[in-house]
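Scroll down for the structure; my scribbles are underneath it.
Any read-out appearing in this document is the output of simple, stated calculations on the displayed coordinates, not a laboratory observation. The structure presented is a predicted model; accordingly, all values stated were derived computationally and were not measured. Virtual Cβ from ideal backbone geometry, glycine too; neighbours counted across all protein chains shown.
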Amino acid sequence: LIDGANQRLDDLSGGAFSLDVDKRDFRVIDHRNADERRSVKTLSGGETFLVSLALALALAEQLASMSVHGVARLESMFLDEGFGTLDTETLDVVATAIEELSAGGRLVGIVTHIEALAERMPVQMVVTKGPSTSTVAQRLR
């Protein structure tokens, strides 16, 4: 899991971070700070989001090998917020990773209030809250 997450995290963080496990605890290796090893609890909100996304993507990719019959595949995934913690450059990196997942045949749903991210998605389900109910409308890019 760590190896797969590190491959994703290298892309997502621009080589700034990788992960390791020390006595059952995740540690981050900060390559911008002389490879300092520290607790993942010291990461900023945006950095935590990138690490979490890298781990989730690695787990999804390894699902087939964890299956009893080796044929399982995670066809869809949903990411719920966390995007507001990202700066503009990191948001672009994450959006590109999401687009690549979609191009690879996965359904990737995101829940976001970040208009710049929503506009990059090819299909949008827009939820509008009314006085007594909500409505959903599909918008194609």
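Just from its helices, what would the mean residue ellipticity at 222 nm be for the chain, if runs of 4 or more DSSP H residues each count -39500 (n - 2.57) and the sum is divided by every residue, rounded to the nearest 500 deg cm²/dmol?
So the calculated ellipticity at 222 nm is -12500 deg cm²/dmol.
Hey, what do the phi angles of the range 8-16 turn into as Karplus ³J(HN,Hα) couplings, whole Hz, using 6.51/-1.76/1.60 and θ = phi - 60°, x for Gly and Pro?
These are the phi-based 3J(HN,Hα) values: 5, 5, 4, 5, 5, 9, x, x, 6 Hz.
Evaluate 2.2 N^0.38 Å with N set to the residue count of the range 84-139, then give the Cα radius of gyration divided by it.
This ratio for the range 84-139 stands at 1.28.
How large is the Kirkwood hydrodynamic radius of the range 23-65, in angstrom, based on all distinct alpha carbon pairs?
By the Kirkwood definition, the hydrodynamic radius is 11.6 Å.
Work out, step by step, the length gained on full extension between Ile114 and Ser134: first 0.36 nm times the residue separation, then minus their alpha carbon distance; give nm to one decimal.
5.3 nm is the gain from fully extending Ile114 to Ser134.
Under the definition of Cα pairs under 8 Å and six or more residues apart, what whole-number percent is the relative contact order of the chain?
Relative CO of the chain lands at 17 percent.
Using only Cα atoms, tell me the angle between helix 88-103 and the longest principal axis of the chain; keep it within 0 to 90° and round to the nearest 10.
80
Based on the Kirkwood radius over alpha-carbon pairs, what is the Stokes-Einstein translational diffusion coefficient of the chain at 20 °C with 1.002 mPa s viscosity, in µm²/s?
Roughly 129 µm²/s, to the nearest whole number.
Just to confirm the number: angle between the C-alpha axis of helix 45-66 and the first principal axis of the chain, 0 to 90 degrees, nearest 10?
Relative to the chain, helix 45-66 is tipped by roughly 90 degrees.
Considering the options Met121, Thr90, Ser44, tell which one lies farthest towards the positive end of the dipole of the chain, charges being +1 on Lys and Arg and -1 on Asp and Glu at the Cβ, about the Cα centre.
Met121
Quick one: which residues, 5 or more positions from Ile110 or on another chain, have an amide H under 5 Å from its amide H? H modelled 1.01 Å from N in the peptide plane, none for Pro or chain starts.
Those lying under 5 Å, H to H, from Ile110 are Leu79.
Could you rank the peptides 129-139, 23-33, 45-55 by their average count of other C-beta atoms within 10 Å per residue, with the highest value first?
Answer by packing, highest mean first, reads 45-55, 23-33, 129-139.
Taking Cα pairs under 8 Å and at least six residues apart, what relative contact order does the range 81-141 come out at, in percent?
26 percent.
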